[in-house]
Amino acid sequence: MKYLDIENWKRKKHFEFFKKFEFPHFNICTNLDITNTFRYSQKNKYSLFRTVLYAVMKCCNETEEFKYRIRNDGIIIHDVVHPGVASIAEEDVYTNFIITYKPLLIDFLDEYEKAAEKAKGEIVVGEKQAGKDDLIFISSLPWVSFTSVTNPMRSGYEDSIPRIIYGKHFKQDKKIMMPFSVQVNHCLMDGAHVSKYYYKLTEVLSNPEKYFN
């Protein structure tokens, strides 16, 4: 972890401008082609959610802006960020748990299994995430192919953890598509940065044999 040199940062004016907003957050929703990743997960008998989650976190860790966090009016850059996942625990009640990110898919899936097993029987709503900002908040809506979605955010500019949601996949023109939402703090990045993240994620999801092995 290190601090960003705000004084010499090319987005200093943008940071100072948006930090005055009560809600300086924005989200971009799109449908991503997951056809090849869907086939890859089926071939290897992996959970589609977990395989996609690995791709999501791989791209977050390879996109510097997704590792920026506002802390005490400064900006830190984490070395690694980890998924804080919302998952159904019982009936319609969800729980939260944190997975340690690993750069190799097989290791990441093992960490997911250990974290999920440890979380069984617990209903946690943010307690273990309190005070941690080296996270990406992840949710899944496997019942809905949404076109737009928003997340609860704390008011003020200091809430700087990105939120990513993906929904129910569907077929379109012989492709398997999945709706994605990325919600971020405008103090730290712009639409161009989220777009670059989406381009990177599209590349990974389209070439699982290259990036997952």
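Summary table
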quantity	calculated
Every residue from the stretch 176-195 that is exposed (fewer than 14 other Cβ atoms within 10 Å of the Cβ) and touching a residue at least 24 places away in the same chain (Cβ under 8 Å)	GLY191, SER195
Scan of the stretch 159-213 for residues that are among the hydrophobic types (A, V, I, L, M, F, W, C) and assigned to a helix (DSSP H, G or I), ordered by number	ALA192, VAL194, LEU201, VAL204, LEU205
Flag for TYR3 being surrounded by 12 or more Cβ atoms within 10 Å (Cβ to Cβ) and either at pLDDT 95 or above or among the β-branched types (Val, Ile, Thr) (or both)	no
Single residue of the stretch 66-83 satisfying the filter (of a type in the set (Lys, Arg) and modelled with pLDDT of 95 or more) that is surrounded by the fewest Cβ atoms within 10 Å (Cβ to Cβ)	LYS67
Cβ pairs under 6 Å, 6+ apart, first in the stretch 145-168 and among the charged types (D, E, K, R), second outside any loop (DSSP other than H, G, I, E, B)	GLU158/ILE70; ARG163/PHE137; ARG163/GLN183
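Here is a yes/no grid of residues against (1) in contact with a helix residue (DSSP H, G or I) (Cβ under 8 Å, 6 or more places away or on another chain); (2) among the small types (Gly, Ala, Ser):
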position: THR37; (1), (2): yes, no
position: SER47; (1), (2): yes, yes
position: CYS59; (1), (2): yes, no
position: TYR101; (1), (2): yes, no
position: PHE108; (1), (2): yes, no
position: LYS118; (1), (2): no, no
position: ILE123; (1), (2): no, no
position: SER139; (1), (2): no, yes
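The values are calculated or read from the model by the stated rules, or taken from the named source; none is laboratory data. Just so it is clear, the model here is predicted, and its values are computed rather than measured. With ideal geometry, Cβ positions are generated from the backbone for all residues, glycine too; neighbour counts draw on all protein chains shown.
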